[in-house]
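Enquirer: Please read through the structure below; I'll follow up with questions.
The values are calculated or read from the model by the stated rules, or taken from the named source; none is laboratory data. Please read these numbers as outputs of a predicted model, since none were measured by experiment. Glycine also receives a Cβ, built like all others from the backbone with ideal geometry; neighbour counts cover every protein chain displayed.
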Amino acid sequence: MNRRRFLQTTTALTLASQLPNSEIFAANPAKVGNLGVALFTLPKSLSQDFEGTLKMISDMGFSELEFFGPYDYSGEAAKKQWEMAAKALGFSGSGYFGKSPKELKALLKKYKLSSPAIHVDLPTLRENMAGVAEAADVIGHKYVGIAMIPDDMRKTLDDYKRTADIFNEVGKSAKKYGLTFFYHNHGYGHKPVDGTIPFQLILDNTDPDLVKMEMDVFWFSAAGINPVDYLKNNPGRFPLLHVKDMSEKKTFAKDGSNMGEWMGMFPYLADAGAGVLDLETILCEAKKAGAKHFFLEKDNTPNPQQALQASYDFLSKVKC
């Protein structure tokens with residue numbers, strides 16, 4: 001290597017080392033996109049050593065994080081519900097794990113991470129969007145969404161129609177603060193009700209500019225749905241993905257509407273690339289349809305370091 005080439009290479013490597021991981025991925029269009037971690041993958045690790053866990057995630061090459069609530073700005077009802085659920089799951093932390101937005105922003109910068117999206121409970125988004133937006137402005141969140149529709153809002157087709165109206169209202173509220181609202185579907189709402197597919201009803205009755213979707217490829221597959229079909233038919237609606245794999249092809253025994261059915265599917269979660277889902281095709285179709293953020297998730301996995309590393313090794317090699 002001559003001196004000129006050496007200096008060019010050294011300069012490029014130095015500049016690259018100063019960029020967030022997400023910008024390095026963006027500079028390589030062959031890669032599927034920005035690879036992140038949905039933090040419900042490793043809540044115990046975050047509760048025990050928050051900063052150490054962020055460092056581990058960054059060192060592997062992931063660039064983005066998706067936090068889950070409740071947060072300090074969440075409603076009291078959400079905090080109480082979480083307290084009971086977390087106790088049953090064997091950990092206590094959530095939200096920003098005791099860090100203020102400014103403290104969290106500093107840690108993200110230190111480890112070259114960003115957090116474009118968070119999960120927040122629906123009542124908080126309806127009642128305290130200002131509080132959500134205040135934290136989002138400091139940390140850098142762009143998307144604020146819900147992990148699931150509350151049970152009492154999806155019992156009938158009329159419930160789903162009212163839910164679509166609420167989504168439009170929340171989306172309008174989020175937009176006022178420069179945020180985008182999204183809905184993560186947990187696998188229910190894909191069976192016909194009076195001849196109508198509830199999930200399609202939500203897509204058809206929400207403003208595409210105000211309400212986006214986060215596709216969870218595992219839960220769509222558990223509902224017997226081909227994720228690629230929805231991506232092809234709804235370009236621009238799915239900017240976010242939860243990336244999971246399935247050890248063998250399984251679907252819900254019924255309609256996937258309750259916790260019991262979700263828990264029954266957890267044993268079939270697999271590291272990305274180690275299962276039967278055609279993730280490469282799904283991810284590349286998602287990219288073509290406008291997806292920007294790909295969050296690995298393997299819910300509360302017992303061995304997060306192994307799961308993250310194996311999944312990253314696969315996902316980082318996917319080219320579209």
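Enquirer: Hey, among the residues in the stretch 298-320 that are of a type in the set (D, E, K, R) and either part of a helix (DSSP H, G or I) or surrounded by 23 or more Cβ atoms within 10 Å (Cβ to Cβ) (or both), which one's nearest to the chain's Cα centre (by Cα)? Show your work before the answer.
Expert: Residues of the stretch 298-320 of a type in the set (D, E, K, R): 298-299, 313, 317, 319.
Next, from what is left, pick out any that are either part of a helix (DSSP H, G or I) or surrounded by 23 or more Cβ atoms within 10 Å (Cβ to Cβ) (or both): 298, 313.
Details: 298: 11, 313: 19 Å.
Looking at the filtered set, the residue picked out is 298.
Enquirer: Could I ask something else about it? Considering each of 191, 175, 161 in turn, give the residue that is surrounded by fewer than 22 Cβ atoms within 10 Å (Cβ to Cβ), out of contact with any His (no Cβ under 8 Å at 6 or more places or on another chain) and touching a residue at least 60 places away in the same chain (Cβ under 8 Å).
Expert: Working: 175 fails: touching a residue at least 60 places away in the same chain (Cβ under 8 Å); 161 fails: touching a residue at least 60 places away in the same chain (Cβ under 8 Å).
Within the list 191, 175, 161, the selection yields 191.
Enquirer: Also, I was wondering about something else. Picking from 63, 58, 100, 92, which residue would you name as being of a type in the set (Gly, Ala, Ser) and buried (at least 22 other Cβ atoms within 10 Å of the Cβ)?
Expert: Values: 58 fails: buried (at least 22 other Cβ atoms within 10 Å of the Cβ); 100 fails: buried (at least 22 other Cβ atoms within 10 Å of the Cβ); 92 fails: buried (at least 22 other Cβ atoms within 10 Å of the Cβ).
That would be 63, the only listed residue that is of a type in the set (Gly, Ala, Ser) and buried (at least 22 other Cβ atoms within 10 Å of the Cβ).
Enquirer: Give the stretch 32-55 a look and list any residue that's among the small types (Gly, Ala, Ser), part of a helix (DSSP H, G or I) and buried (at least 17 other Cβ atoms within 10 Å of the Cβ), or say none.
Expert: Here is the first cut: in the stretch 32-55, the residues among the small types (Gly, Ala, Ser) are 33, 36, 38, 45, 47, 52.
Filter again for part of a helix (DSSP H, G or I), leaving 45, 47, 52.
Correct list: 45, 47.
Enquirer: In the list 175, 249, 212, which residue meets the criterion of being over 17 Å from residue 160 (Cβ atoms), assigned to a loop (DSSP other than H, G, I, E, B) and either touching a strand residue (DSSP E or B) at 6+ places or on another chain (Cβ under 8 Å) or of a type in the set (Lys, Arg) (or both)? Even if it seems obvious, please write down each step before you answer.
Expert: Numbers: 175 fails: assigned to a loop (DSSP other than H, G, I, E, B); 212 fails: assigned to a loop (DSSP other than H, G, I, E, B).
Going through 175, 249, 212 in turn, just one is over 17 Å from residue 160 (Cβ atoms), assigned to a loop (DSSP other than H, G, I, E, B) and either touching a strand residue (DSSP E or B) at 6+ places or on another chain (Cβ under 8 Å) or of a type in the set (Lys, Arg) (or both): 249.
Enquirer: Residue by residue through the stretch 303-320, note down the ones that are of a type outside the set (S, T, N, Q) and either in contact (Cβ under 8 Å) with a residue 12 or more places away in the chain or touching a strand residue (DSSP E or B) at 6+ places or on another chain (Cβ under 8 Å) (or both).
Expert: Taking the stretch 303-320 first, the residues of a type outside the set (S, T, N, Q) are 304, 307-308, 310, 312-315, 317-320.
Within the stretch 303-320, 304, 307, 308, 310, 312, 313, 314, 315, 318, 319, 320 meet the criteria.
Enquirer: Still on this model: Just to be sure I understand, how many residues within the stretch 68-100 are free of Cβ contacts under 8 Å to residues at least 60 places away in the same chain and either basic (Lys, Arg) or within 22 Å of residue 33 (Cα to Cα) (or both)?
Expert: So the count comes out to 4.
Enquirer: Of all residues in the stretch 101-147, which are hydroxyl-bearing (Ser, Thr, Tyr) and either farther than 22 Å from residue 297 by Cα or modelled with pLDDT under 95 (or both)?
Expert: Filtering the stretch 101-147 for residues hydroxyl-bearing (Ser, Thr, Tyr) gives 111, 114-115, 124, 143.
The answer is 124, and nothing else.
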